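Comments concern the structure below.
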Amino acid sequence: MSADDDARRVARTVFDRPVSLAAGAGTGKTATLVARLVTWLVDRGWEDARASSQSDSPARIARAALRASVALTFTEAAAAEMHERLALALAELAEGRAPTGLPRTELPPQAEERAAALRDALEEPVAITIHSFAHGLLARFPLEAGLQPGFRVDADGRERERVVRELVEETLAGILGQDLDPRWAALFREQVAP
C-alpha cells in the first residue's frame, strides 16, 4: 500500500487520536473528510448514539449520531459543499453503492441500513464554519466566556466601524464647540479625516 493510500485509510478510519489532513487543491481532501464522516456515522458514531439514546429506533439513533457530529470548515461555500457531499454519500451507501473514496470493506455490515436512516434524518448541516461553531458555543455559555447574553458577532467589522465613527463624530462635535487644540487644528489643515 502506498503512503498516500495508507494516509487516506487512517483519515477515514482512525478515531482514537487526532488526525491531520494536509494536501494541495484537487487532491481529494473533501472526499476523504466526507468518507471519514460516513465511516464515523455508520460505525462508532452510531454505536455511541445508540448507547446514549438508549433506543433501538434507527431514526432516533440517526438523529442522535448526527447531532453529536460536526465537521468544521472555513467558508460557508465549503460547508454547503460538504453537506451536499455527505447527503450524496449516505444516499449512495443506502442504495448499496460505495461512496467516492470509501472502500466498502471499511464499513460494518449494517452500513446500508444505518446510512438510510442517517440520510432520512439529515436535516441540519453537520458541516459548519468554524465561526458558526464558535458562536454557537459562546451563545450557549456567554457568562462563562465573559460575554453579554444575546451578544452578536461583527464578522465583517461594520458594527465596529459604525461605533468608531459615532465616537469620533461626538468627540469632534465637543472639540469644535470649544477652543480648538492646536493638534486638532494641525490635523484639519492637513485634511486628515476622522
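Can you tell me how much longer the chain between Glu95 and Ala173 gets when fully stretched, taken as 0.36 nm per residue apart minus their C-alpha distance, in nm with one decimal?
Numbers: separation 78, 0.36 × 78 = 28.08 nm, distance 6.96 nm.
Full extension from Glu95 to Ala173 adds 21.1 nm.
Provide Rg and Dmax in Å for region 15-63, with only Cα atoms included in the calculation.
14.1, 42
Take peptides 64-74, 38-48 and line them up by average Cβ neighbours within 10 Å, highest first, as a rough protection proxy.
Numbers: 64-74: 18.0, 38-48: 21.2.
Averaged packing, sorted descending, gives the order 38-48, 64-74.
Please give the Cα centre distance for region 1-51 versus region 156-170, rounded to the nearest Å.
Spelled out, the Cα-based centre of one part sits 45 Å from the other.
Taking H placed 1.01 Å from N in the peptide plane, check which residues at least 5 places from Thr129 or on another chain put their amide H under 5 Å from its amide H.
Thr73
May I ask you to order 160-173, 124-137 by the average number of other C-beta atoms within 10 Å around their residues, highest value first? Could the numbers behind the result be given before it?
Working: 160-173: 11.0, 124-137: 15.9.
Sorting 160-173, 124-137 by mean packing, highest first, produces 124-137, 160-173.
How far is helix 29-42 tilted, in degrees, relative to the longest principal axis of the Cα atoms in the chain, given as a value from 0 to 90 rounded to the nearest 10?
With both axes taken from Cα atoms, the answer is about 60 degrees.
Could you run the Karplus curve 6.51 cos²θ - 1.76 cosθ + 1.60 with θ = phi - 60° over region 144-153 and give me ³J(HN,Hα) per residue in whole Hz, x for Gly and Pro?
Running phi through 6.51 cos²θ - 1.76 cosθ + 1.60 with θ = phi - 60° gives 5, 8, x, 10, 6, x, x, 4, 10, 8 Hz.
To the nearest 10 degrees, how steeply does helix 130-140 sit against the main Cα axis of the chain, on a 0 to 90 scale?
Orientation of helix 130-140: about 80 degrees from the principal axis.
Relative to the first principal axis of the alpha-carbon coordinates of the chain, what is the inclination of helix 76-94, with its axis defined by its Cα atoms, in degrees from 0 to 90 and to the nearest 10?
Approximately 10 degrees, to the nearest 10.
Grab the other residues whose beta carbon is less than 15 angstrom from that of Pro125, score K and R as +1, D and E as -1, and report the net.
Working: positive: Arg63, Arg67, Arg85, Arg119; negative: Glu76, Glu81, Glu84, Glu123, Glu124.
It works out to a net charge of -1.
What's the Cα-based Rg to Rh of region 3-140, Rh via Kirkwood? Walk me through the numbers on the way to the answer.
Numbers: Rg = 14.6 Å, Rh = 15.3 Å.
Reported Rg/Rh (Cα atoms, Kirkwood Rh): 0.95.
Read-outs throughout are calculated quantities, based only on the coordinates presented, and are distinct from any laboratory measurement. What you see is a predicted model, and the numbers here were worked out from it, not measured in a lab. Quick reminder, even Gly has a Cβ in these numbers, built from the backbone with ideal geometry, and neighbours come from all protein chains shown.
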